[in-house]
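The values are calculated or read from the model by the stated rules, or taken from the named source; none is laboratory data. Since the structure is predicted, the reported quantities are computational estimates derived from the model, not experimental observations. We place every Cβ from the backbone using ideal geometry, glycine too, and count neighbours over all the protein chains shown. Side chains included, ligands, DNA and RNA excluded: accessible areas come from the protein's heavy atoms. Shrake-Rupley method; radii C 1.70, N 1.55, O 1.52, S 1.80 Å.
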Amino acid sequence: MNYSECIENARTRIGNYCKACPECNGRACKNQMPGPGAKGVGDTAIRNYDKWKEIRVQMDTIAENKPVDTSLELFGKKFKYPFFAGPVGAVGLHYGDCLDDVAYNDILVSSCAKYGIAAFTGDGVDSNVMVAATKAIKKTDGIGIPTVKPWNLDVIAGKMEMVHESKALAVAMDIDAAGLPFLKNMEPPAGSKTVEELRQIAKMAGTPFIVKGVMTVKGALNAKEAEASAIVVSNHGGRVLDQCPATAEVLEEIALAVGDSMKIFVDGGIRSGVDVFKALALGADAVIIARPFVTAVYGGAEEGVKSYIEKLGTELEDTMKMCGVTSLEEIDRDCVWTRF
């Protein structure tokens, strides 16, 4: 199975929101996009996608002809590629009831671990979402990264118990989820966090702690002050606030501000191995891709996930070769051209 076949299969299974487009760009779903929808018209999701396409790669084949190494070492583990599957929760509600969170996470987490990467997993108002996610990660000996919503500290403490039990290699908190419409006025309460609160959560984690949802230099430096091990430059896939910059537009200045003091992930509209290359050139250590992995699971289960990983990996390897670099460490700002 290739990824195109996977998309065709997914269209019959994936529900009413996601259209299983050939390339997910936010235009077909806009404010109807799964997860469960974007505020306003959903223009930030579209901008995320478009801005990666405005960046061009610098071809250079006057270089030594040797094998390309796409591997990444992160948090004491070695991965085949510098990209990860993104966190998704309540898939039955948002993407189609032929899968529930238990089945989805079992497929995604195990398949990613098997084929050389790791999956971030989701959280939700249903406590069983996190239960299913951490159980799936435990089955892979901790090759996965649970993502906790920004609940109050008591609820987070309970979630961290499940993280510890799973032996996860790291844990994330998507602080930008504070803007999700379905979390407003919900119990348990969720919302933004201070530096001191994030510091407490980092201590609770007992494993590398990743702050997801950073879009400014100030936010990145606050995460550093809170003793986070990493950040994710993210606007929650463009779903939490219209008229935000794209992640591609802010990544470089954030990376320059934090330097090597913490690891940097980026997500939002990254859809190909060429996009992965661009993100690394602008300062990311790795990228996160969410919605296309949902299509992969719904369209082909393990084989679908494998096909998408191989597609991205082949595209990344080819781009590196054609741009004259043979390791991730060699990818730098000179490898891309931007007009913004």
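Per-structure values
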| read-out | value |
| --- | --- |
| Top-ranked residue of region 238-257 - restricted to ones that are farther than 19 Å from Phe277 by Cα and assigned to a helix (DSSP H, G or I), ranked as most open to solvent (accessible area, probe 1.4 Å) | Ala257 |
| Region 102-134, subset acidic (Asp, Glu) and either modelled with pLDDT of 90 or more or open to solvent by less than 10 Å² (accessible area, probe 1.4 Å) (or both), residue farthest from Asn16 (Cα to Cα) | Asp106 |
| Among (1) modelled with pLDDT under 95; (2) over 18 Å from the mean Cα position of the chain (by Cα); (3) of a type outside the set (A, V, I, L, M); (4) surrounded by fewer than 16 Cβ atoms within 10 Å (Cβ to Cβ), the one test that Glu23 misses | (2) |
| Single match in Asn48, Asn2 (criterion: of a type in the set (S, T, N, Q) and more than 16 Å from Val294 (Cα to Cα)) | Asn48 |
| Residue count for region 258-276, restricted to those that are assigned to a helix (DSSP H, G or I) and touching a Cys at 6+ places or on another chain (Cβ under 8 Å) | 0 |
| Within region 1-20, considering residues that are of a type in the set (D, E, K, R) and in a loop (DSSP other than H, G, I, E, B), the one surrounded by the most Cβ atoms within 10 Å (Cβ to Cβ) | Lys19 |
| Members of region 202-227 that are outside any helix (DSSP H, G or I), open to solvent by less than 40 Å² (accessible area, probe 1.4 Å) and among the small types (Gly, Ala, Ser) | Gly213, Ala226 |
| Any hit, region 193-201, residues being open to solvent by 40 Å² or more (accessible area, probe 1.4 Å), under 18 Å from Ala133 (Cβ atoms), in contact (Cβ under 8 Å) with a residue 24 or more places away in the chain and more than 21 Å from the chain's Cα centre (by Cα) | no |
| Verdict on Asp97 being modelled with pLDDT under 95, buried (at least 24 other Cβ atoms within 10 Å of the Cβ) and under 14 Å from Val294 (Cβ atoms) | no |
| Scan of region 277-333 for residues that are hydrophobic (A, V, I, L, M, F, W, C), more than 22 Å from Asn9 (Cα to Cα) and assigned to a helix (DSSP H, G or I), ordered by number | Phe277, Ala279, Leu280, Ala281, Leu316, Met320, Met322, Leu328 |
